[in-house]
Amino acid sequence: MKIEQKKFSNVHTFDFKDRFLNFAYKDKSGSGDVDVAYANLSSKSSIRIENNTWWKNVGYIWCGIGVVNIGMGIAAGESAAGRGFWLLMGLICLGVYHATRVKYTVIGFEGGNLFVIQDGKTHDQVVSELMSRRKAQLLSLYGEVDLESSLDRERAKFEYLKEQGVISQEEADEKIRQATLALGVITEAPQTLN
């Protein structure tokens, strides 16, 4: 499954493979791609907003000049008509600033971040697919009792899966019970008495 997101000069492609995600990006600063195993994705996310502050700064300056210009005309007893040019230009710049902002959901992984454009079209589908595949991969890798491991490691593993939202508290308790039954009984070799 492949999902492509576009907003202005930003193009993000999420190519969902069986065992990993290929995330490719292209924007005004460059391009690249990275392969990420689903199990390496963080369960938490953050928000990043990319914007061009030049439009905001110029907009505020021109709005300020426009307000001062109108105020000076009113103070001089002149008509305010025709004095709103800079205010209008400032408001247009502020409108461009708000219209060109790009908002992302950022999902981390060891060594980088995935940026999912909040576009109102594919954002929820991408995030849902990432988290669903993350859960499935973590379960396939760590969801069963490892008879070669120690009881403490197995307990920690199932507690981690619970904390990550992969399994419920009841499922974690059941897996820990299974690990205790399988690994908790230590048999000692019989000793001979002389």
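Quick notes on this one:
- Crossing angle, helix 53-75 versus the chain [Cα axis fit, 0-90 degrees, rounded to tens]: 30
- Only Lys, Arg (+1) and Asp, Glu (-1) charged, at Cβ; the chain dipole about Cα centre in debye: 1080
- Value at 222 nm in deg cm²/dmol, rounded to 500, when DSSP H runs of n ≥ 4 in the chain each add -39,500 (n - 2.57): -15000 deg cm²/dmol
- For region 54-115, the share of accessible area belonging to carbon and sulfur comes to 68 percent (1.4 Å probe, ligands and nucleic acids excluded).
- Inter-label distance for residue 182 and residue 4, nm, one decimal - labels placed 7 Å from Cα along Cα-to-Cβ: 4.5
- Between residue 26 and residue 163, the modelled labels are 4.1 nm apart [label points 7 Å from Cα along Cα→Cβ].
- Working ranking of peptides 145-151, 29-35 by packing, defined as the average number of other Cβ atoms within 10 Å per residue, highest first, is 145-151, 29-35.
- The chain: most fluctuating residue of 74, 176, 167 per GNM, C-alpha cutoff 10 Å: 74
- Accessible-area value, residue 55, 1.4 Å probe, nucleic acids and ligands omitted, Å²: 80
- Dimensions of the chain from C-alpha coordinates, computed as largest minus smallest value along each principal axis and given longest first, are 118, 35, 28 Å.
- Spacing of the modelled spin labels on residue 11 and residue 140, each 7 Å from Cα toward Cβ, amounts to 3.0 nm.
- Each other residue within a Cβ distance under 9 Å of residue 72 adds +1 if Lys or Arg and -1 if Asp or Glu, for a net charge of 0.
- Helix axis angle, 123-142 relative to the chain longest principal axis, alpha carbon, degrees: 20
- Rounded tilt (10° steps) of 85-99 against the dominant C-alpha axis of the chain: 10
- Reachable lysines, given that their alpha-carbon falls under 28 Å from the alpha-carbon of residue 28 and they are not under 8 places away in the same chain: 2, 6, 7, 17, 44, 56, 103, 121
- P(r) weight above 15 Å for region 18-90, C-alpha pairs, percent: 73
- Backbone amide hydrogens, once placed in the peptide plane, bring residue 118 within less than 5 Å of 103, 104, 105, excluding anything fewer than 5 places away on its chain.
- Per residue accessible area of the chain, 1.4 Å probe, in Å²: 64
- A viscosity of 1.567 mPa s and a temperature of 4 °C, combined with the Kirkwood radius over Cα pairs in Stokes-Einstein, give a translational diffusion coefficient for region 79-194 of 66 µm²/s.
- Gained length - residue 52 relative to residue 40, 0.36 nm times residue gap less alpha-carbon distance: 1.1 nm
The values are calculated or read from the model by the stated rules, or taken from the named source; none is laboratory data. None of these values were measured; they are calculated from a predicted model. Here Cβ is always computed from backbone atoms with ideal geometry, including for glycine, and neighbour counts include all displayed protein chains. Note: areas computed on protein heavy atoms with side chains; ligands, DNA, RNA excluded. Shrake-Rupley method; radii C 1.70, N 1.55, O 1.52, S 1.80 Å.
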